[in-house]
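Before any comments, here is the structure.
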Amino acid sequence: MSEPTRPFAVLGEGDPAAAIRSAATDAGAPLVDRAEADVVVAVGEAALREAMRAAASTDTRGHPILPVGTGRHAVDPSLVTDLVVDGPAPEFDVFSRVAHPVVAVERPDSRRRFAAADVAFVTTAPARISEYEIAFSDGESASVRADGAVVATPLGSEGYAAAAGGPLVSPGAGLAVVPVSPFTTAPDTWVASGRLGVTVEREEESVALVVDGDRWGTVEPHRAVKIEAATTVDLLAPTAEQG
């Protein structure tokens, strides 16, 4: 017999998150603040990214996160609500743990930030081309002319990177590297190991650095932005029996 789950938190806004909180309250489930939680239920992409970044930057990496929503790694909100309603101590160990990378982004000024989904380099003026050098950890490099470039974790590979023509990447397989609107009819995309550098090679156009959807300044030309899979965070996933 499995042991009941320890205290859990629910992050996120909107009706699905409110329904899960309400079900937990009605069932007398051990719902607590994130700082006190041993399991975090993250409802929606924004809440999931926030929870993963927080776990990576603290000592809570061993506490799993349950993604709730519509993504390929998420579970349906009704499944979580039903689980909470079933008893005052929902057994989240019916899910399996899958380690997902969180990348550290380091600018040339040595400032550092975590990203759970993607890191994008985008020209600030619309429809303007810049040139990017992508240096891989094996010593190989590639130069691309494009509106931008995106480096995505497996979690983020289904988002902006996929829209730009990149591959879906499974956890543990590496990082997707994808030019955005490249100036070529046969663009390359890559699956890189856990470390690379991206350098803007042209000074004509200003390029913004966007981390998990938030703009984080502009990129200095000829100075590499370093991206590295810094740690992993466990996400909970349905077992085969749950479909």
- Does the stretch 127-180 come out rounded, prolate or oblate by the C-alpha gyration tensor, with a ≥ b ≥ c the root eigenvalues, rounded set by a/c under 1.5 and, if not, prolate when a/b is larger than b/c and oblate if not? oblate
- Message: Using a Gaussian network model on the chain with a 10 Å cutoff between Cα atoms, which of ALA17, ALA186, ALA74 fluctuates the most?
- Response: ALA186
- Item | Stokes-Einstein D in µm²/s, Kirkwood radius over Cα pairs - the chain at 10 °C with 1.306 mPa s viscosity | 84 µm²/s
- Message: Over the stretch 39-149, what is the relative contact order in percent, taking alpha-carbon pairs closer than 8 angstrom and at least six residues apart?
- Response: 18 percent
- Item | Part-to-part distance (alpha-carbon centres) for the stretch 109-158 and the stretch 189-225, which is given in Å | 5 Å
- Rank GLU203, GLU131, GLU45 by mean-square fluctuation in a GNM of the chain with C-alpha springs under 10 angstrom and give only the top-ranked residue. GLU203
- Under the classification rounded if a/c is under 1.5, otherwise prolate if a/b is larger than b/c and oblate if not, where does the stretch 8-78 fall, given a ≥ b ≥ c as square roots of the Cα gyration tensor eigenvalues? oblate
- Provide, for q = 0.20 Å⁻¹, the log10 of I(q)/I(0) from a solvent-free Debye sum over equal Cα point scatterers in the stretch 1-139. -1.20
- Top mean-square fluctuation among LEU79, LEU48, LEU168, Gaussian network model of the chain, C-alpha springs under 10 Å? LEU79
- Message: Over the chain, what is the relative contact order in percent, taking alpha-carbon pairs closer than 8 angstrom and at least six residues apart?
- Response: 21 percent
- Sort all Cα-Cα distances of the stretch 124-243 into consecutive 10 angstrom bins from zero, then give the percent of pairs in each bin up to the one containing the longest distance. 13, 44, 32, 8, 3, 0
- Taking only protein heavy atoms and a 1.4 Å probe, what accessible area per residue, in Å², does the stretch 1-140 have with all protein chains in place? 49 Å²
- Message: Starting from the 7 Å offset along Cα-to-Cβ, what nm value, one decimal, do you get for the label separation of PHE136 and ALA46?
- Response: 3.7 nm
- From zero up to wherever the largest Cα-Cα distance of the stretch 64-187 sits, split into 10 Å bins and tell me the percent of pairs in each. 11, 33, 28, 16, 9, 2
- For the stretch 155-203, convex hull of alpha carbons as volume per residue, Å³: 90 Å³
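The values are calculated or read from the model by the stated rules, or taken from the named source; none is laboratory data. Note that this is a predicted model, so its numbers are computed, not measured. All Cβ positions, glycine included, derive from the backbone under ideal geometry; neighbour counts span all protein chains shown. Note: areas computed on protein heavy atoms with side chains; ligands, DNA, RNA excluded. Shrake-Rupley method; radii C 1.70, N 1.55, O 1.52, S 1.80 Å.
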